[in-house]
Structures are given as C-alpha cells and as structure tokens.
Amino acid sequence: MMGILMRVAGVTWVLSRFTLVLCIFFLMSCSKSILISEGEPKLRTHLIKIEKFKFLPKTLVVGKGDYVRWENQDIVPHQIAEGTQQKWRSRNLLANDSFTLKIHDSTSYICKLHPTMQAEIVVRFMEE
Ligand SMILES: [Cu+2]
C-alpha cells in the first residue's frame, strides 16, 4: 500500500514539475511575441543620403509600404526620378532639402540633373 502511495506521489510530483516547465515556456513565448510586436513597428522610414553625387546606400531594402526619405547633403541641387517610366519624381532638392515617398514596389531611380547617379530600392516580402 505504501509502495503504491509513494509511486502515485512520485508521478504527481513529476507531472507538476512538467506542468510548471510548460507554463514557463508558454509565458516566455508570450512575452517574446509581445516584445517583437512592440519593438518592430510595421511601417518604417528609411534614410537615403545624397552625398558627393551618390545615393547612399545604393541599394536599399525596405518593407512594402515603408517610407523612404532622401536628404541632399551636397551643395548642388538634385532631383530624384523613377528610372524607367518616370512614374514619380521629386522637385529640385536644394542643399539640406529632403523628399519622402511611400514605397509599394521595387524601383530603380536616377537623378534627373545628373543621370549617372543611379540607385535602387528593393521591396522584400513581409514574413507573417
Ligand atoms: Cu543630382
């Protein structure tokens, strides 16, 4: 009789530990997902510097719907335009001027005033 009681107590103890470990894992996974959703806003603004007649970075990877802001850090004006079909373009950007655009598709672009300035934005698929 004592043997059976001891065995039942042992199994109960193991089960309770197992349940405790499961609860801890569950809580850890919950808090992690909450942190990720708070720490990574879905839409972001990315910066492209225009410096010494170059777009930096030359290739920028963004999420669909993110914003991109170009900042002209040269002393000469630049004008940003979509590369092949001229779907969009900025006004003339003077020194320290900036231009922001919401990005839905991958695109290549140039400077209308200095067409050798070329760069691209690549839209990556969201993992959800
Ligand atoms: Cu330019």
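The values are calculated or read from the model by the stated rules, or taken from the named source; none is laboratory data. Bear in mind that the values here come from a model prediction, so they are computed numbers and not experimental data. Every residue, glycine among them, receives a Cβ derived from its backbone with ideal geometry; neighbour counts consider all protein chains shown. Areas reflect the complete protein model, heavy atoms only, side chains present, ligands, DNA and RNA absent. Shrake-Rupley method; radii C 1.70, N 1.55, O 1.52, S 1.80 Å.
Taking the condition at pLDDT 95 or above and within 16 Å of the ligand (Cβ to nearest atom), does Lys58 pass?
It is true that Lys58 is at pLDDT 95 or above and within 16 Å of the ligand (Cβ to nearest atom).
Scan region 53-63 and tell me whether some residue there is within 23 Å of the chain's Cα centre (by Cα), part of a loop (DSSP other than H, G, I, E, B) and closer than 13 Å to Ser106 by Cβ.
no
Just the residues that are at pLDDT 95 or above, away from the ligand (no atom under 12 Å from the Cβ) and either surrounded by 15 or more Cβ atoms within 10 Å (Cβ to Cβ) or part of a loop (DSSP other than H, G, I, E, B) (or both), please, taken from region 106-128.
Of everything in region 106-128, those that are at pLDDT 95 or above, away from the ligand (no atom under 12 Å from the Cβ) and either surrounded by 15 or more Cβ atoms within 10 Å (Cβ to Cβ) or part of a loop (DSSP other than H, G, I, E, B) (or both) turn out to be Ser106, Thr107, Glu120, Ile121, Val123.
Please work out if Ile80 is within 13 Å of the ligand (Cβ to nearest atom), at pLDDT 95 or above and surrounded by 14 or more Cβ atoms within 10 Å (Cβ to Cβ).
Yes.
Output the residues belonging to region 83-99 that are within 11 Å of the ligand (Cβ to nearest atom), open to solvent by less than 50 Å² (accessible area, probe 1.4 Å) and in a loop (DSSP other than H, G, I, E, B).
Answer for region 83-99, where residues must be within 11 Å of the ligand (Cβ to nearest atom), open to solvent by less than 50 Å² (accessible area, probe 1.4 Å) and in a loop (DSSP other than H, G, I, E, B): just Ser90.
Report, by residue number, each residue of region 61-72 that is more than 14 Å from Gln118 (Cβ to Cβ) and within 12 Å of the ligand (Cβ to nearest atom).
Once the filter is applied, which keeps residues that are more than 14 Å from Gln118 (Cβ to Cβ) and within 12 Å of the ligand (Cβ to nearest atom), region 61-72 yields only Asn72.
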